[in-house]
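The values are calculated or read from the model by the stated rules, or taken from the named source; none is laboratory data. None of the values given here were measured: they were computed from a predicted structure. All Cβ positions, glycine included, derive from the backbone under ideal geometry; neighbour counts span all protein chains shown. To get the accessible areas, we keep the full protein, side chains included, count just its heavy atoms, and leave off ligands, DNA and RNA. Shrake-Rupley method; radii C 1.70, N 1.55, O 1.52, S 1.80 Å.
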Amino acid sequence: MSILVLPSVTANLYNLSNSYTYSKSKTNNDQNLRRDTEIISLLQQNRKNLKHVESIHGKAIKKGTEQDPFVVFDLVRLYCKLNIDHATKLFHCTHNPNVYLYTSLIDGFVSFGSYSAAIALYAQMGHKNVFPDSYVVTSVLKACLLQRALGFGREVHAQVLKSGLGLDRSIALKFIELYGKCGELEDARKVFDKIPERDVVAHTVMMASYFDHGMVEEAIGVFDGLKTQDTVCWTAMIHGLVRNGELNRALEMFREMQVKGVEPNEVTFVCVLSACSQLGALELGRWIHIYMHKCNVKFNQIVAGALINMYSRCGDIDEAQLLFDDMKVKDVSSYNSMICGLALHGMSIEAIELFREMLKQGIRPNSITFVGVLNACSHGGLVELAFEIFQSMETLYGIKPDIEHHGCMVDILGRVGRLEEAYNFIDRIGAQNVDDKMLCSLLSACKIHGNSEVGERVAKRLSECSSRMDSGSYMMLSNFYASLGRWNFAAEFREKMEKGGILKEPGCSSIEVNNVIHEFLAGDLRHHERRSIYRKLEELNYLTKLEGYSPATEVALHDIDDKQKELALAVHSERLAISYGLISTEPHTTLRVVKNLRICDDCHAMIKLVAKITSRKIVVRDRNRFHHFENGHCSCKDYW
DNA sequence: ACCCGTTCCA
């Protein structure tokens with residue numbers, strides 16, 4: 001069968017005649033014959049190509065079967081995937097569209113991101129006296145939850161209860177999801193509790209809703225309420241724990257899943273790899289990588305990206321690079337993972353070269369790409385290049401810089417000491433592009449460069465956005481004033497923080513030894529080998545002082561005497577983690593430490609010497625980037 | 001005739 005190609009199909013397409021009726025000779029009483037099977041099977045075979053679908057549509061018009069509800073239905077569904085405007089026009093040319101046709105176009109709008117159009121169409125359906133079925137309701141609820149249209153969702157709920165569709169399973173699932181996404185957990189729970197046969201899917205939806213809002217224990221309660229959990233349910237559990245920062249619990253769950261004999265799938269592995277990335281658990285990550293091959297996991301783009309991310313965030317940028325080079329098909333996310341990884345390791349030139357390579361391959365950068373590239377510029381001190389790229393975002397790639405990108409620019413200017421410029425930049429970009437993170441970064445730069453004049457202006461501005469300040473901002477302000485010796489101001493911000501019920505995020509470092517993550521807080525005495533750890537630390541203090549290390553007491557900012565300051569510094573969490581690493585691993589083993597805050601000058605200076613004295617490579621990931629210490633030097637060249 | 005819940009990079 002050849003495809004009839006009309007010269008200007010699209011032009012004629014929507015002048016549909018009103019005369020469509022089957023003549024007696026073409027129909028009999030069998031409903032199945034009341035459809036143009038030829039057109040439908042043609043559409044089945046040519047679903048991917050807009051031109052082909054258009055010409056089949058033309059053929060239907062010629063045959064006079066273009067109002068056949070089955071033909072229109074298939075056409076609208078295909079057009080929805082190919083060209084939403086075609087779908088809309090065809091819909092409006094259809095006489096008395098039935099509920100199926102409404103469903104297809106509503107689904108089309110949803111996948112196109114036009115949620116309000118989907119909702120409007122559903123409302124219009126009511127006015128045309130077309131009665132909803134369970135499918136169209138689930139479709140419009142999908143639009144409601146993505147649009148967070150809680151009010152309309154409630155109207156639909158009332159309608160559904162009246163119409164008798166209230167007991168439908170898929171509708172109930174969507175209501176749980178809608179209420180869950182909108183933060184109405186009690187309503188979500190009510191729907192969940194009313195489902196007569198709560199299966200694993202309903203439990204999974206309810207669980208994910210709790211996790212979305214940080215209600216970890218409630219989510220676990222729902223999970224435990226099931227007798228048997230399947231792969232997806234376990235995965236939702238692991239993902240929920242990861243999202244809520246319960247990384248070790250997530251890994252425990254993964255182990256338990258294996259004990260119970262439930263096969264993980266590629267989604268499970270992506271979640272587990274994310275936990276490894278955040279923990280810096282390289283050995284475990286490597287083991288999982290090997291294990292994935294045994295589980296016949298599909299290595300799709302997301303899985304590959306998760307692996308690249310894991311290796312680079314765990315400090316093994318070479319392995320990340322090898323994986324990236326091996327990828328046959330690379331999309332924008334693959335490049336983003338690698339660019340961000342290189343930036344994290346301070347490999348600015350490599351990151352920017354990769355960005356150029358990506359452009360050469362014709363891959364369009366997105367907003368995340370630029371965060372990575374600008375971060376790379378920041379770590380390399382490449383100010384002018386950063387401005388060039390920043391400007392090109394909108395002019396060349398049509399991407400409006402958001403708050404994150406503006407933050408990178410402030411960071412870059414601050415780091416190289418162009419503080420006045422950075423301040424003017426913030427003034428220029430408008431309040432909607434300024435956040436406390438950005439002001440903190442500039443204030444930190446002012447402190448490092450000893451510019452109290454700009455610093456005070458920034459501090460004033462930062463303290464004015466107290467409504468959305470976190471512990472980092474308060475500590476920054478307190479430390480800034482302390483560095484000027486203005487102890488009363490310093491104390492005031494600490495008090496404000498305590499009164500506001502905001503807890504200081506404690507410095508925490510972790511190190512992986514034999515697949516176990518050991519965590520240390522500053523001055524931590526919980527570890528069972530604490531005696532040996534502190535003995536090692538004392539030895540290191542002694543040896544590094546011989547090498548010329550002198551504790552820079554001004555970085556410890558309490559109003560206490562110098563000896564006390566030295567003591568406070570001496571037990572910073574990263575030092576404990578390194579001491580433990582030294583006593584628990586073979587000589588020459590690389591130590592990898594992950595710290596949740598930024599490393600301080602003093603620890604940085606000391607670790608350089610520790611690496612030299614012990615002939616170890618020491619890799620530290622802090623909040624911002626990696627530091628590779630070796631033989632008395634750091635890969636960041638003391639610039640971070 | 002429309003299809004259940006879980007995924008990386010800032």
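Just so you know, in segment A:606-628 the residues that are of a type in the set (A, V, I, L, M) and within 21 Å of A:ASN541 (Cβ to Cβ) include one that is surrounded by the fewest Cβ atoms within 10 Å (Cβ to Cβ), and it is A:ILE613. Quick check on this structure: which one of A:PHE192, A:PHE223, A:PHE254 is among the aromatic types (Phe, Trp, Tyr) and either near DNA strand B (Cβ under 9 Å from one of its atoms) or within 29 Å of A:ILE308 (Cβ to Cβ) (or both)? Result: A:PHE254 is the single residue among A:PHE192, A:PHE223, A:PHE254 that is among the aromatic types (Phe, Trp, Tyr) and either near DNA strand B (Cβ under 9 Å from one of its atoms) or within 29 Å of A:ILE308 (Cβ to Cβ) (or both).
Name every residue in segment A:301-332 that is within 13 Å of DNA strand B (Cβ to nearest atom), closer than 22 Å to A:LEU591 by Cβ and open to solvent by 30 Å² or more (accessible area, probe 1.4 Å), in order of residue number. Listed by number, the residues that qualify are A:ASN309, A:ARG313. The set of residues from segment A:469-488 being touching a residue at least 12 places away in the same chain (Cβ under 8 Å) and open to solvent by 70 Å² or more (accessible area, probe 1.4 Å) comprises A:ASP470, A:TRP487.
The residues listed here are A:THR228, A:THR235; of these, the one that is more than 9 Å from DNA strand B (Cβ to nearest atom), hydroxyl-bearing (Ser, Thr, Tyr) and either within 30 Å of A:ASP622 (Cα to Cα) or surrounded by fewer than 17 Cβ atoms within 10 Å (Cβ to Cβ) (or both) is A:THR228. A:THR94 meets all of the listed conditions (1) part of a helix (DSSP H, G or I); (2) open to solvent by less than 40 Å² (accessible area, probe 1.4 Å); (3) among the hydroxyl-bearing types (Ser, Thr, Tyr) but one, namely (1). Summed over segment A:450-466, the residues that are under 19 Å from A:ILE412 (Cα atoms), under 34 Å from the mean Cα position of the chain (by Cα) and surrounded by fewer than 16 Cβ atoms within 10 Å (Cβ to Cβ) give a count of 0.
Within segment A:414-422, does at least one residue satisfy the condition of being within 16 Å of DNA strand B (Cβ to nearest atom) and either in a loop (DSSP other than H, G, I, E, B) or within 22 Å of the chain's Cα centre (by Cα) (or both)? No, the conditions are met nowhere in segment A:414-422. Would a scan of segment A:92-114 turn up a residue that is away from DNA strand B (no atom under 13 Å from the Cβ) and under 21 Å from A:ASP133 (Cβ atoms)? Within segment A:92-114 (the criterion being away from DNA strand B (no atom under 13 Å from the Cβ) and under 21 Å from A:ASP133 (Cβ atoms)), the answer is yes, since at least one residue qualifies.
Taken together, the residues in segment A:175-186 that are within 14 Å of DNA strand B (Cβ to nearest atom) and open to solvent by 40 Å² or more (accessible area, probe 1.4 Å) amount to 2.
Listed by first and then second residue, the pairs linking a residue in segment A:221-243 that is closer than 12 Å to A:VAL272 by Cβ to a residue that is open to solvent by less than 20 Å² (accessible area, probe 1.4 Å) and more than 9 Å from DNA strand B (Cβ to nearest atom), with Cβ atoms under 6 Å apart and 6 or more places separating them unless they lie on different chains, are A:TRP234/A:MET257; A:MET237/A:PHE223; A:ILE238/A:ALA250; A:ILE238/A:PHE254; A:LEU241/A:ALA250; A:VAL242/A:ALA250; A:VAL242/A:ALA275.
Of all positions in segment A:492-515, at least one carries a residue that is farther than 27 Å from A:SER452 by Cα, more than 26 Å from the chain's Cα centre (by Cα) and open to solvent by less than 50 Å² (accessible area, probe 1.4 Å). Put simply, of A:GLY381, A:GLY398 the only residue that is more than 17 Å from the chain's Cα centre (by Cα) and open to solvent by 30 Å² or more (accessible area, probe 1.4 Å) is A:GLY398.
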